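Here the structure is laid out as structure tokens; the discussion comes afterwards.
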Amino acid sequence: MREPRRKLRTIAGAAAGLALAATAVTLIPRADAATSSPQRAEIAAASFQRGPNPSAASIRATTGPFAISRTGVARSSVSGFGGGDIYAPTDTSQGTFGAVAIAPGFTATRSSLAWLAPRIASQGFVVFNIDTLTTSDQPATRGRQLLAALDFLTGQSAVRTRIDKNRLAVMGHSMGGGGTLEAARSRASLKAAVPLTPWDLTKNFSTVKVPTMIIGAQSDTIAPVRQHSERFFSSLPDAGYLELAGASHFAPNVPNTTIASTSVAWLKRFVDEDTRFEQFLCPGPASGVSRYEVDCPLRG
């Protein structure tokens, strides 16, 4: 039985290298952001803060303050998962970055989340958008693959020196969302988890200690929130819950500002320990949301 929440907020939105493939590296420019070197040094010195002071507009932007590179990793060059694309900030002046692995859903490939990975990376993370070994892999298998991808990132990838191996997170859609929960249960050292319209036959994740933001969809008929997202949330001891108003199971497969901004805020708050982003979680989004619950102030 989970402990009662200290502060509950509910919103009814409608009413209210080593193994890298020989693929080209693509440079993706940053959004315009005027931040001087002394300012950047001061920001980086405070905990793991990276980047300029955030605003509601900056976390909703399609491109954040960091220019990023993209490197393809071939399936044949790795083991334990199906390869993918690594997006990493090119700025090395602010120290290392936290890293996030993202897994797709049942029958899907990394292309289904290709809009989200660079968007998160441009906010100051190394992001690995992976393919799974098969498109029919179940959540537990996808969870192991997410962890294998993180191990590759920190141990073998060409960007490993840009990553703080102690600040890692997982995300995923549908069965990849279930895999996100499975990975968080298996590796308590993770700093954050963000399951997107998650699906899993396992419903009880009460042993998970990783701060988890579940993003469900009100009109999901494949992983209905009452059978999946809500039950996962109820079992988790340290979690937030956002439900997209009127959205379907496939909402995470197309650009969605609420998904992106909430994910960025959660990752920044818990992977970077950056309390500047708590203002976007307490309170949460004011529109497009049928339900939102989080303990405020946030722990950790």
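Numbers for the structure displayed
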read-out: Contacts under 8 angstrom Cβ, first residue in region 118-132 being at pLDDT 95 or above, partner part of a helix (DSSP H, G or I) and of a type in the set (S, T, N, Q), 6 or more apart; value: Ile120/Ser263; Ile130/Gln145; Thr132/Thr141; Thr132/Gln145
read-out: Residue in region 67-91 that is modelled with the lowest pLDDT, counting only those that are under 11 Å from Gly124 (Cα atoms) and surrounded by fewer than 20 Cβ atoms within 10 Å (Cβ to Cβ); value: Asp91
read-out: Long-range neighbours under 8 Å by Cβ, at least six apart or interchain, first residue at positive phi within region 96-116, second surrounded by fewer than 20 Cβ atoms within 10 Å (Cβ to Cβ) and among the β-branched types (Val, Ile, Thr); value: Thr107/Thr135
read-out: Output for region 92-115, where each listed residue is within 17 Å of Asp131 (Cβ to Cβ), of a type in the set (Val, Ile, Thr) and either at pLDDT below 95 or buried (at least 18 other Cβ atoms within 10 Å of the Cβ) (or both); value: Val100, Ile102
read-out: In region 116-170, residue farthest from the chain's Cα centre (by Cα) [restricted to those that are surrounded by 22 or more Cβ atoms within 10 Å (Cβ to Cβ) and hydroxyl-bearing (Ser, Thr, Tyr)]; value: Ser157
read-out: Complete set of residues in region 240-267 that are within 14 Å of the chain's Cα centre (by Cα) and small (Gly, Ala, Ser); value: Gly240, Ala260, Ser261, Ser263, Ala265
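Quick grid of which residues meet (1) touching a Phe, Trp or Tyr at 6+ places or on another chain (Cβ under 9 Å); (2) closer than 30 Å to Pro52 by Cα; (3) in a strand (DSSP E or B):
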{"position": "Gly80", "(1), (2), (3)": "yes, no, no"}
{"position": "Thr107", "(1), (2), (3)": "no, no, no"}
{"position": "Pro118", "(1), (2), (3)": "yes, yes, no"}
{"position": "Asn129", "(1), (2), (3)": "yes, yes, yes"}
{"position": "Arg144", "(1), (2), (3)": "yes, no, no"}
{"position": "Ala148", "(1), (2), (3)": "yes, no, no"}
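The values are calculated or read from the model by the stated rules, or taken from the named source; none is laboratory data. This is a predicted model, so every value here is computed, not measured. Cβ coordinates were reconstructed from backbone atoms using ideal geometry, including for glycine residues, and neighbour counts include every protein chain displayed.
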